[in-house]
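Just so you know, all these numbers are worked out from the coordinates, no wet-lab data involved. In this text, all values refer to a predicted model and were calculated from it rather than measured experimentally. Glycine also receives a Cβ, built like all others from the backbone with ideal geometry; neighbour counts cover every protein chain displayed.
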Amino acid sequence: MKKASILMILGALLLMGLFQFPLWNIMLGAPQYPEPLGMNIYIDGIQGMNEFDIQNIDGLNHYIGMKTIPKAIDMWEFEVFPIVIASMSIIGVIIGLFGYFGKVSHHWFLGWLLVITILGVLGMYDFNAWMIDYGTNLDPNAIMKLQNPDGTAMSYKPPLLGHQKLLNFDAYSYPRLGGYLMGAGMFLTFIAYFLGKKSKTINT
Amino acid sequence: MIKYKFQLGSLFIALMLLTSCGNNNGQKGSSGALNSSAAEKVYVAPGEQDEFYAFMSGGYSGNLTVYGLPSGRMFKEIPVFSQFPTSGYGYSEETKPMLQTSHGFVPWDDSHHPDISQTNGELDGRWIFINGNNTPRIARISLTTFETEEIIEVPNSAGNHSSSFVTENTEYVVAGTRFSVPIPQRDMPINEYKGNFKGSLSFISVDPEHGHMDIKFQIIMPGFNYDLSHPGRGKSHGWFFFTTYNTEEASTLQEVNASQNDKDFIAAINWKKIEAYVNNGGGTKMPANYAHNVYDEGTHTATTTMKKEVLTVNPLDVPGAVYFLPTPKSPHGCDVDPSGQYIIGNGKLSADLTVHSFDRMIEAIEGKKFDGEAYGIPILKFEDVLAGTVKSGGLGPLHTEFDGKGNAYTTFFISSEVVKWKLGTWEVIDRKPTYYSVGHLMIPGGNSAKPFGKYVVALNKITKDRYLPTGPEMEHSAQIYDISGEKMELLYDFPTHGEPHYAAGCPASLLAPKSKKLYRLDENKHPYAVTSPDQAKVVRNGKEVHVYMSTIRSHFTPDNIEGVKVGDKVYFHITNQEQDFDVPHGFAMIGQNTSELLIMPGQTKTSVWEPKQVGVWPFYCTDFCSALHQEMQGYVRVSPANSDLELSWSLGGD
């Protein structure tokens, strides 16, 4: 159980990586952008891969009537996410410490994992909803109004995960280091749950 | 990003393949291979980049062109001494001061000898210098922006030809006069040249941080013609060598009269000694009048300062600083090998090359083995300084470059060839014809302590039948040779712009990574800049109207202006708001008596328009900036001179 608790603490601490590293990343490459434009999504805001990328993505998006990429103060998520992540990390560490001293059982580890998973899914849902709005809620006076072959208005929603062709752009959407650290942390807590369960079986 | 990485990976593999191909071909080449190997050696596949930059002087274009080697593709023409309507250089209000001189605005020059700045004798890629031959000037060009940043006029000089070569650590860029003239200028009979005209050799200090130039001193030499020069390096660092002709001091029909002496001189100047002399208060301050033009990247604006004084040095006042080395047959090029030991005089009316030894020169000076003097300057004995003679079998040697592997390559104008020979043994190893009548040649770094001896480029004076004919006037022609093997191999012909004299080259890796992509808008200090479109405005100041205009894809702000009157002088101050690589905007106004502007991201440029007719006159963006480039346009309403219409401006009806 001690080993399991240490893993639990480590796993919970890995969430803190999100304060340093981006959670997600979207890259936009095109023939005339051999060096692709890109944005890193942090839990507290969006930053360009290169200094002027956000400005240049906005510049291109104005042709199709997309809104500008939100600043940190424009979205409640960027205020709430850091609080949620920090809280979950601290709670996870506390659970781990309690487990180390035998105050709580390995079920708490699983409970923590379930909560963070639910929060993560909600976060992804929110992220996707924002992208749908961003990609479809377009300025009616846009310079270019493009339609799909079936006559419906073209959407410019970037993919939630993976690659998608948007006009001349190839959009790639993948987790970034902060996201991978979070995933690794969740995996560690899952291992912690199993180790905890196993040690309990041996002890009893 | 993944795709990008993949592309990098495939590029790396492609490079490996190319490299291995090159090696195979080299082996085949030396055993008399097919021409197809030459094609592969100069082929740079689409999307790939050249191995070297080459900077070719423009000669009578007054500019400097940038090429890639081995492909021979031209990348850019950098305006230096000539107005350049393509970008508005010399037309825009910001750059007009660059072409100011003591003779007023001079819109042209004849640019000859580019030289890349050095540290410890090796190319450092900070700046490239080039001389204006006709109205003596030296320019400094940034190798991060590839734009001319500074031009200094050289007083007491005429035909600024033995220029602009840098010392081992770019302490000085050196400029020598081709014509000797009365110093100071005065009204006197031309035929009293002899003994009265003088030649000036100017040492222009270069600030190591900003590159700013300042004439530290001018050596006032006898009235010969100072033709070309090069610095000592390594052991001969601290010396500078100039070839001379017309030691006869003829003032007319020099073709004959300056070719009478069997030997002219190479002047050896111990500049360190003269530097110490002037640092201790030596020299004579002389009234002068010359322009110093500096372009500021922050304000995107050049300013002219007229300088009123120059420090001159009489070489006789600094004993041991100047000697003459007799050199046969009106030597032209003056080249120093990478070790600094050999000084090569290319006697242009001869078949042979004269190579002087630096060590023997020092011995002769210490032993005071003089063979008389000229105007008080000691002449060393020819036999005492000679290292060897290259019996070339060619005719009309002009210039020599080095490969860093103990070989030298000399151009022969009259016999139209490049001859490879060995330093020290003076034996000729190989010769290849050029097409036709080669002047300079260039090996990247070939006149530094560390040449990159892979290619030599021959810069020819006569083109004739090498390309499809274009009437009587044609571009000049260059040839590139592979010199990695024992024998030279002609690879490719390519036309060059203007008349390249000398050229300078360096590995692409020295410059490409630091080449600027844009100017930062938040560092724009131009007094009329607008750093966001909402700052755009129009201001009247008497008859002057200042339009603070912004551009971004794809509109001008403002694009409708009313209240301008006939007789006004309208200044369009245009700031490109883009902060994206390679998104310039242009500006042109109908009937304007000047060129267009091409404005880089983050830059501000100003164009003047003096409307003469009432009406509504359009302007537009000249650079195809986006899919809506054709829509990037606007109107100015011009009312009669007595109209009382107030100024107004708008965009989108706001």
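Just for the Cα atoms in the range B:112-190, what are the lengths along the principal axes, largest first, rounded to whole Å?
47, 24, 17
Ranked highest first by the average count of other Cβ atoms within 10 Å around their residues, in what order do B:440-446, A:61-67 fall?
Working: B:440-446: 26.9, A:61-67: 17.3.
Descending mean neighbour count gives B:440-446, A:61-67.
Can you tell me the equivalent ellipsoid semi-axes for the range A:48-144? Use √(5λ) from the Cα gyration tensor, largest first, whole Å. Could the numbers behind the result be given before it?
On the way: eigenvalues 338, 40, 17 Å².
So the equivalent ellipsoid measures 41, 14, 9 Å along its semi-axes.
Could you list A:D150, B:D403 so that the one with the fewest beta carbons within 10 Å of its beta carbon is first and the one with the most is last? Present the calculation step by step, with values, prior to reporting the outcome.
Numbers: A:D150 5, B:D403 22.
Ascending number of Cβ neighbours within 10 Å: A:D150, B:D403.
From the phi angles alone, apply the Karplus equation (6.51, -1.76, 1.60; θ = phi - 60°) to the range B:142-149 and give each ³J(HN,Hα) in whole Hz, x where the residue is Gly or Pro.
Result, rounded to whole Hz: 6, 9, 9, 9, 6, 10, 6, 10.
Less than 12 Å Cβ to Cβ from B:K569, Lys/Arg counted +1 and Asp/Glu -1: what total charge do the surrounding residues give? Don't skip to the answer; put the middle values down first.
Numbers: positive: B:R540, B:K543, B:K565, B:K612; negative: B:E93, B:E544, B:D568, B:E610.
Residues close to B:K569 contribute a combined charge of 0.
Compute the signed sum of charges (Lys and Arg +1, Asp and Glu -1) over the other residues within less than 12 Å, Cβ to Cβ, of B:D352.
Numbers: positive: B:K329, B:K348, B:K391; negative: none.
With Lys, Arg at +1 and Asp, Glu at -1, the net is +3.
Taking just the alpha-carbon atoms of the protein assembly as shown, what radius of gyration and Dmax come out, in angstrom?
Reported Rg and Dmax, both Å: 34.4, 120.
Could you tell me how far the Cα centroid of the range A:1-71 sits from the Cα centroid of the range B:414-445, in Å?
For the range B:414-445 versus the range A:1-71, the Cα centre distance is 58 Å.
Once the other residues with Cβ under 11 Å from the Cβ of B:S164 are scored (Lys, Arg +1; Asp, Glu -1), what is the net sum?
+1
Which order do B:L316, B:L518 fall in if you start with the one that has the fewest other Cβ atoms within 10 Å? Can you show the working numbers first?
Details: B:L316 13, B:L518 18.
Arranged by neighbour count, lowest to highest, B:L316, B:L518 become B:L316, B:L518.
Please report, to one decimal in angstroms, the Kirkwood hydrodynamic radius of the range A:2-203 built from all distinct Cα-Cα pairs.
Values: mean 1/r = 0.0533 Å⁻¹.
Computed over the range A:2-203, the radius equals 18.8 Å.
If I fit a long axis through the Cα atoms of helix A:77-100 and take the longest principal axis of the Cα atoms of chain A, what angle between them do I get, 0 to 90°, rounded to 10?
Approximately 20 degrees, to the nearest ten.
How much length is gained if the chain between B:E48 and B:K368 is pulled fully straight, taking 0.36 nm per residue apart and subtracting their Cα-Cα distance, in nm to one decimal?
On the way: separation 320, 0.36 × 320 = 115.20 nm, distance 5.81 nm.
Difference between extended and current length: 109.4 nm.
Leaving out same-chain residues fewer than 8 places away, which lysines sit with a Cα under 30 Å from that of B:K543?
B:K96, B:K525, B:K565, B:K569, B:K605, B:K612
Using only Cα atoms, tell me the angle between helix B:2-30 and the longest principal axis of chain B; keep it within 0 to 90° and round to the nearest 10.
30
By count of other Cβ within 10 Å, fewest leading, how are B:F203, B:F581, A:F169 ordered?
Taking fewest neighbouring Cβ atoms as first place, the list is B:F581, A:F169, B:F203.
In whole Hz, with x marking every Gly and Pro, tabulate ³J(HN,Hα) for the range B:543-548 from phi via Karplus 6.51 cos²θ - 1.76 cosθ + 1.60, θ = phi - 60°.
8, 8, 10, 9, 9, 8
With the crude spin-label approximation of a point 7 Å out along Cα→Cβ, what separation in nm comes out for B:S532 versus B:V614?
4.1
Kindly give Rg over Rh for the range A:107-153, based on alpha-carbon atoms, with the Kirkwood expression for the hydrodynamic radius. Walk me through the numbers on the way to the answer.
On the way: Rg = 18.5 Å, Rh = 13.7 Å.
Dividing the radius of gyration by the Kirkwood radius yields 1.35.
Taking Cα pairs under 8 Å and at least six residues apart, what relative contact order does the range B:521-650 come out at, in percent?
Details: 341 pairs, mean separation 38.3, N = 130.
Rounded, it is 29 percent for the range B:521-650.
Determine, for the range A:71-204, the count of lysine pairs separated by eight or more sequence positions (or lying on different chains) whose alpha-carbon distance falls under 26 Å.
Count of close lysine pairs: 9.
Within 10 Å, count the other beta carbons around each residue, average over each peptide in B:388-397, B:241-250, and list them highest first.
Values: B:388-397: 19.4, B:241-250: 23.6.
By packing density, highest mean first, the sequence is B:241-250, B:388-397.
Order the peptides A:102-111, A:40-49, B:638-647 from the highest to the lowest mean number of other Cβ atoms within 10 Å of their residues. Write down the numbers at each step before the final one.
On the way: A:102-111: 17.3, A:40-49: 19.2, B:638-647: 12.7.
Put in order of decreasing packing, that is A:40-49, A:102-111, B:638-647.
For B:V564, what residues show an amide H to amide H distance below 5 Å, using hydrogens built from the backbone and excluding near sequence neighbours?
B:R637, B:S639
Please compute, for peptide A:24-36, the average count of beta-carbon atoms on other protein chains lying within 10 Å of each residue's beta-carbon. Working shown, then result.
Working: counts 0, 1, 1, 4, 0, 5, 0, 0, 2, 3, 3, 3, 3.
Mean partner-chain Cβ count within 10 Å for A:24-36: 2.
Taking the Cα centre of each part, how many Å lie between the range A:132-148 and the range B:464-510?
53
On average over all directions, what projected area in square nanometres does the range B:521-650 have, based on the convex hull of its Cα atoms? Numbers along the way, then the final one.
Working: hull surface 29.3 nm².
Here the figure is 7.3 nm², rounded to one decimal.
So what is log10(I(q)/I(0)) for the range B:445-588 at q = 0.13, 0.16 1/Å, when the Debye sum runs over its Cα atoms only?
The Cα Debye sum returns log10 ratios of -0.81, -0.90.
Quick one: Debye curve from the alpha-carbon atoms of the range B:52-514 only, equal weights, vacuum; give me log10 I(q)/I(0) at q = 0.06, 0.09, 0.12 Å⁻¹ to two decimals.
Cα-only, vacuum Debye calculation for the range B:52-514: -0.23, -0.53, -1.00.
Can you show me the helix-derived [θ] at 222 nm for chain A, built from DSSP H runs with n ≥ 4 at -39,500 (n - 2.57) apiece and divided by the number of residues, rounded to the nearest 500. Don't skip to the answer; put the middle values down first.
Numbers: 5 runs with 103 residues, N = 204.
Helix-only estimate at 222 nm: -17500 deg cm²/dmol.
Please compute the modelled spin-label separation between B:D644 and A:D126, points set 7 Å along Cα→Cβ, answer in nm with one decimal.
Between A:D126 and B:D644, the simple spin-label model gives 6.3 nm.
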